[in-house]
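Following: one structure in structure tokens, then a few remarks.
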Amino acid sequence: MVKESVNERDAREVTIKKRRKTSTSGASSALPATKVVEGDVYKNVIDFEEAEASLRDPDNDVLLFKNTCDEIRKSMYEIAELKKKNTEQALAEIAEKRISTSLLFVFLKKLNRLEKFRTKRSRDILNKEKQQVDSYHLQLQNLLYEILHLKKEVTKCLEFKSKDEEIDLVPVEEFFREAPQEITRPDVTLTDHQLKLARLEWERLQRKQLADQCEQLQKDKEKVAAEIQSKRERMENITPHLSNILERTQPLQDYLGLPLDKVRKQHQVAYLLPRPLYILYVQADAYREACDKMMSVVVGGDEEEAVRLQHSQSSRSPVPLENDDSESDPELEAPEDIGDRQKRHHRKMSRQDRLEERKKKLLLSHPLHVEIHIKLPDNNNINILSELFPGDDGKESPNVANPYQLARVGLEHFTSYIPTLGIPYAWAQRLAGLDFMASQPDVVAITQGSSSGEVIATPDVSQASMESVVKAIRHRLKARLALCRQLQAFEEGDLRPVLPALRNMFATKCAAELASWHIATWEDYRVAGTTQKLVQAEAVSKADNFYRAVINRGTARLIALVAVKPDYPRSPAVFSLNLHWCGEHNSSNDDAIRDMEAEVNIHWKELAKGHGWGQGLLAAQFRRLISCLDIYLEATAPNEFPREKTFFKPFRGRNRARPYKYLPIGCGIFSQR
Amino acid sequence: MVDKELYNTVLSQTFSACGRYLIVGNTYGEIAVFDLRLLLNPSDEHPATRKPVQKFVINDGVQVCSMVSTKKWLITGTVGEISGWDWNSITSSPKVSWTINIPSSKDALEKPDVNSLLLNDMDGNLYAGCGDNKIYVFDLEDGKLIRNFSGHDDYIHCIHNSGTTLASASEDGTVKLWDVRQEVYCHMIQPHAHEKLYRPHLGKWVGAVSLSDDWLLCGGGPRPSLWHTKSLDVTTVYPMDDKGIHFLAFHDDRIMAGGCYPYFYHFSYNGDVLALIPSSSTTVYSAVFQEAPYKVLSIAGSSSKIDLCSNFSYRDQVLTF
């Protein structure tokens with residue numbers, strides 16, 4: 001091999017030289033040169049070398065390279081040795097060696113060139129392979145994407161919901177029972193799918209039939225409506241004639257003194273009243289005609305408003321209960337109770353608006369009211385209707401459902417609306433046929449039965465209470481008038497002559513005198529020091545009327561704060577005393593004054609004797625108080641206040657009680673209780 | 001309408017013989033029984049109520065002026081009558097075991113009140129200070145009148161004894177000291193005669209008297225004061241701004257005083273204030289106390305409320321009649 005290469009060395013030498021020339025001539029690559037000279041030796045040599053490079057084993061070349069390097073090294077060494085000798089012979093040898101070594105270098109160059117070729121070729125192969133790998137990778141990604149897409153499609157298909165699932169079909173048994181043979185097809189509908197299809201078909205047929213039926217009914221309805229319309233027109237044509245006739249008869253009516261028109265008008269308005277008030281009106285009017293000519297019953301208020309209200313309410317199904325006194329509007333409407341239109345309407349409104357609407361509805365006051373006038377010679381109107389019957393102060397809504405309804409829409413306690421709405425006395429409810437008395441078992445059953453908690457007005461209830469209520473009002477009015485006469489007299493400093501029945505309950509004359517009598521307020525009363533025990537014991541309340549009386553005898557001055565109850569004379573007036581005489585004496589620092597208070601506040605029943613005692617109870621209590629003051633002063637300080645009353649002992653017992661009790665013996669004797 | 005409880009007045013109280021019950025009588029003739037065991041040791045199954053466990057009205061509703069308790073009976077003094085009630089029946093259905101009528105003179109219009117009852121430990125007899133100016137002594141065995149003490153010019157407010165000495169306070173403004181073995185009184189003091197005691201605007205009457213071996217307490221219209229029984233002279237005048245004294249008592253080394261005043265006082269002998277208990281009543285008419293089985297002081301008067309002090313010095317419960 002070495003020889004072979006040595007043989008070719010000459011030729012190669014030439015090529016190398018030639019290449020150098022060409023390379024120096026400026027062309028960057030060998031290719032143009034080869035092109036220029038077709039079949040040029042240079043190109044041939046290159047081709048040959050390329051072929052050679054691919055044929056030769058690179059490992060052998062490496063060995064060859066190493067050997068050549070060793071040879072060069074050896075010859076260098078030898079040359080160095082020879083140079084040391086520095087002989088003629090040595091010089092010749094050196095020249096020879098130089099030539100052989102140079103040849104060896106040429107050989108090295110050849111090897112190098114071959115290596116270059118090989119490197120280039122392997123690089124080309126690598127690039128090609130890389131491209132191949134890239135294309136495969138791309139393909140793989142395409143495929144993966146396709147798989148993903150297909151999977152998605154599959155899940156989409158799996159999740160598909162058919163419309164028919166929402167349709168409510170008739171049960172299978174009913175379907176087979178009712179549908180004709182050509183639809184059921186028992187031979188085909190063995191699978192679930194076929195069965196479903198058949199049932200859907202049946203549903204479709206049925207719906208079609210129903211739609212036809214609906215259309216038919218609609219037509220019928222329109223026909224009837226047209227008929228009604230035509231009839232109404234005819235009726236309306238009659239109206240002018242009728243009113244004409246009425247107008248013509250007016251003079252006749254006037255002449256005969258029959259208030260027919262007025263009555264009719266009242267009755268018409270009465271129809272607009274809500275049911276409880278209507279019952280009240282009817283019953284009161286009947287009672288007036290039958291028994292009590294001194295009473296009159298009139299419907300008052302805004303008629304048009306009432307008509308509007310009635311219209312707006314007739315569009316809703318339940319008839320709400322309104323009462324001008326009670327304002328108990330117990331519509332506990334569950335949402336389904338409200339008509340369809342109302343529902344849609346409500347949906348549009350905001351939540352806030354709805355709440356407002358409900359609040360308004362709950363506190364609605366009917367525009368109409370019934371006035372009942374009961375005539376007596378005089379009239380006076382302070383608090384007169386309160387506690388007409390025991391415990392009926394009108395502070396609570398009579399309907400037990402009301403507090404819950406108010407709380408549900410976030411309103412305050414019912415009491416705070418009384419000034420704007422009116423006072424819901426229980427007797428007024430009964431008069432209007434509303435029985436809220438939960439103590440009666442049958443009523444409880446009714447209220448529990450109706451889901452809305454409504455109490456329906458019934459005439460029976462009204463009938464039962466009409467007479468008693470009117471009588472109670474009459475009595476109250478009488479009592480109040482009597483009280484007013486007494487108060488008027490007091491203001492003039494006049495102690496009324498006592499009723500004959502009570503005449504022997506009092507000493508004939510009193511030394512102490514009523515100096516003044518004024519109206520006082522609850523605030524005055526409440527802050528006064530002497531009244532604390534009474535206020536704490538709730539013996540007096542804000543609803544009472546308060547007065548301040550001053551009684552004088554000599555240097556003594558008794559100030560009495562008097563609370564007159566709304567249901568006076570059933571509950572008597574309550575006195576609170578403060579005596580100014582040698583310091584202040586009252587129930588919290590002097591037992592004798594405490595006893596005096598007890599005498600009028602507790603032992604008043606002794607004064608409630610004989611017919612018509614209620615007429616003068618306050619005056620009687622007052623007389624008793626004044627005689628007690630006389631006793632107190634005469635017993636305590638006989639030197640200052642000469643003894644005019646008859647009593648045995650000024651003091652008695654460990655509590656040194658004064659003889660406040662009057663015994664009608666002889667000229668009247670006072671003794672200890 | 002005013003509840004009559006608002007004007008309730010308690011004139012007398014006593015403890016039952018066993019010490020478990022407090023008996024209270026008022027001017028409406030009602031007697032209320034309070035269970036001290038429940039009040040002072042409330043338990044889960046018996047929660048303490050401030051209400052009486054029993055309440056009953058004695059015949060005719062005449063006021064209960066005085067009460068005293070013996071081993072067998074609760075003895076009540078009303079108007080013209082002294083009655084004995086069996087202890088066993090008190091909490092279930094109270095019934096009268098016996099009644100003594102106070103002998104009254106024919107020309108008297110009213111029956112005398114039994115203002116003060118006293119059980120004398122020395123002879124076991126019942127002493128009654130009455131509205132007809134006399135003190136009667138009854139034998140509790142047969143109810144017979146043994147004797148009476150007369151000498152006062154007005155009705156008796158209060159009587160108290162120490163050994164054979166009996167003291168009586170009267171509306172006539174005197175305190176008389178009697179030896180029960182003698183017919184007439186041996187000594188008499190007139191508090192209103194002393195300038196530093198007399199309060200003219202309140203009057204002369206003596207509402208309360210209490211005796212110990214050497215000392216005597218009295219007060220009423222005149223200021224409450226301590227007297228030495230041998231020398232019959234005022235030793236201490238107690239500084240109270242009241243409008244009349246109705247209760248005075250010795251207890252150990254202190255003196256209790258109550259009357260028409262918002263506070264109930266504890267004094268030392270020489271006049272220092274030891275305790276000041278606020279009172280629910282306008283006037284204190286009655287106070288009772290015991291050490292065992294329940295240590296308690298009960299103060300009552302012209303109110304429907306009764307103040308209970310388990311430690312004698314401060315009020316810890318208020319009962320309602």
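The values are calculated or read from the model by the stated rules, or taken from the named source; none is laboratory data. For clarity, every value in this text was computed on a predicted model and none was experimentally measured. In this analysis, Cβ positions are derived from the backbone assuming ideal geometry, glycine residues included, and neighbour counts consider all displayed protein chains. Surface accessibility is based on the protein's heavy atoms, side chains included, excluding ligands, DNA and RNA. Shrake-Rupley method; radii C 1.70, N 1.55, O 1.52, S 1.80 Å.
What ranking do A:646-652, A:50-56 get when scored by the average of other Cβ atoms within 10 Å per residue, highest first?
By packing density, highest mean first, the sequence is A:646-652, A:50-56.
Within a 10 angstrom radius of each residue's Cβ in A:595-606, how many Cβ atoms of other chains show up on average? Whole number is fine.
Taking all residues of A:595-606 together, the mean is 3.
Give the relative contact order (percent, whole number) for segment A:166-258; include only Cα pairs under 8 Å separated by 6+ residues.
21 percent
Given points 7 Å out from each Cα along the Cα-Cβ axis, report the A:LEU126 to B:LEU38 separation in nanometres with one decimal.
That separation, rounded to one decimal, is 11.2 nm.
Ratio of alpha-carbon Rg to the 2.2 N^0.38 Å globular estimate for segment B:50-134, to two decimals, please.
Working it through for segment B:50-134, the quotient is 1.15.
Bin width 20 Å, origin at 0, all Cα-Cα pairs of chain B: what percent of pairs per bin?
Per 20 Å bin, starting at zero, the Cα-Cα P(r) for chain B comes out as 33, 60, 7 percent.
Assuming 0.36 nm per residue, please report the length gained on full extension of the stretch B:ASP3 to B:VAL96 beyond their Cα-Cα distance.
30.6 nm
For a Förster distance of 51 Å, can you work out the FRET efficiency between the beta-carbons of A:GLN139 and A:GLU201, rounded to the nearest 0.05?
0.50
Treating the Cα atoms of segment A:514-620 as identical point scatterers in vacuum, please give the log10 of the normalised Debye intensity I(q)/I(0) at q = 0.10, 0.15 Å⁻¹, two decimals.
-0.27, -0.63
Peptides A:610-620, A:163-173: what's the order by average Cβ count within 10 Å, highest mean first?
The packing order, highest mean first, is A:610-620, A:163-173.
Counting only other chains, and only Cβ atoms inside 10 Å, what mean value do you get across the residues of A:578-589?
The mean count of partner-chain Cβ atoms within 10 Å per residue comes to 2.
Take peptides A:593-599, A:248-254, B:123-129 and line them up by average Cβ neighbours within 10 Å, highest first, as a rough protection proxy.
A:593-599, B:123-129, A:248-254
Give the calculated FRET efficiency between A:VAL550 and A:ARG643 to the nearest 0.05, with a Förster radius of 35 Å applied to their Cβ-Cβ distance.
Once the sixth-power term is evaluated, E becomes 0.90.
Check the straight Cα-Cα distances from A:LYS196 and name the lysines below 21 Å, setting aside those fewer than 8 residues away within the same chain.
Those lysines meeting the cut-off are A:LYS161, A:LYS163, A:LYS208.
Using amide H atoms built in the peptide plane, which far-off residues or other-chain residues are under 5 Å from A:SER516 H to H?
A:VAL550
Counting only Cα, what are the radius of gyration and maximum Cα-Cα distance Dmax of segment B:151-278, in Å?
Reported Rg and Dmax, both Å: 13.5, 43.
List, by residue number, every residue in segment B:240-270 with a reduction of 10 Å² or greater in accessible area between the chain on its own and the complete protein assembly, 1.4 Å probe.
B:LYS243, B:HIS246, B:CYS260
Suppose every Lys and Arg Cβ carries +1 and every Asp and Glu Cβ carries -1, with no other charges. What dipole size does segment B:165-321 come out with about its Cα centre, to the nearest 20 debye?
Using Cβ point charges on Lys, Arg, Asp and Glu, segment B:165-321 gives about 320 debye.
In nanometres, what is the gap between the two model label sites at A:GLN352 and B:ASN59, each 7 Å from Cα along Cα-to-Cβ?
Simple spin-label model gives 8.0 nm for this pair.
Rank A:ASN589, A:ILE602, A:THR555 by how far each Cα sits towards the positive end of the charge dipole of segment A:493-671 (+1 on Lys, Arg Cβ; -1 on Asp, Glu Cβ) and give me just the farthest.
The residue sitting most towards the positive pole is A:ILE602.
Over the alpha-carbon set of segment A:213-263, work out the extent along each principal axis and list the three values in angstrom, largest first.
For segment A:213-263, the Cα spread along each principal axis is 62, 19, 9 Å.
Karplus couplings for segment A:581-596 from phi (6.51 cos²θ - 1.76 cosθ + 1.60, θ = phi - 60°), rounded to Hz, Gly and Pro as x?
So the J values, rounded to whole Hz, are 6, 6, x, 8, 10, 8, 5, 9, 9, 8, 5, 5, 6, 4, 5, 5.
Over the whole of B:4-11, what's the average partner chain Cβ count within 10 Å per residue? Rounded to a whole number, please.
Other-chain Cβ atoms within 10 Å of each residue's Cβ, averaged: 5.
In whole Hz, what ³J(HN,Hα) sequence does segment B:240-250 give by Karplus (6.51, -1.76, 1.60; θ = phi - 60°), x for Gly and Pro?
Here the 3J(HN,Hα) series is 10, 9, 7, 10, x, 9, 10, 9, 9, 7, 8 Hz.
Amide H to amide H, which residues 5 or more places from A:VAL370 or on other chains are under 5 Å from it, using H placed in the peptide plane?
A:GLY300
Please report the accessible area of A:TRP202 (heavy atoms, 1.4 Å probe, ligands and nucleic acids excluded) in Å², nearest 10.
The accessible area comes out at roughly 30 Å².
Which whole-Hz couplings ³J(HN,Hα) result when phi for each residue of segment A:524-535 is put into the Karplus expression 6.51 cos²θ - 1.76 cosθ + 1.60, θ = phi - 60°, listed in order with x for Gly and Pro?
4, 5, 5, 7, 5, x, 6, 9, 4, 5, 5, 5
Along the principal axes of its C-alpha atoms, what lengths does segment A:166-258 span, in descending order and rounded to whole Å?
Computed over the Cα atoms, the extents are 93, 23, 23 Å.
How long are the three semi-axes of the equivalent ellipsoid for segment A:559-673, computed from the Cα gyration tensor as the root of 5 times each eigenvalue, in whole Å, largest first?
Semi-axes from the Cα gyration tensor: 24, 18, 12 Å.
Enumerate the amide H contacts of B:ASP113 below 5 Å, restricted to partners 5 or more residues apart or on another chain; note that Pro and chain-start residues carry no placed amide H.
Those lying under 5 Å, H to H, from B:ASP113 are B:GLY80, B:GLY131, B:ASP132.
Which whole-number value in Å² is the accessible area per residue of segment B:151-278, probe 1.4 Å?
Accessible surface, normalised per residue, equals 39 Å².
Could you report the buried accessible area between B and A, both sides summed, computed with a 1.4 Å probe and given in Å² to the nearest 100?
Chain pair B/A: roughly 2700 Å² of buried accessible area.
Which FRET efficiency, nearest 0.05, do A:GLU492 and B:THR164 yield, Cβ-Cβ r, R0 45 Å?
So the FRET efficiency works out to roughly 0.10.
If you take all C-alpha pairs in segment A:81-143, what percent of them are over 15 Å apart?
Distances greater than 15 Å cover 72 percent of the Cα pairs.
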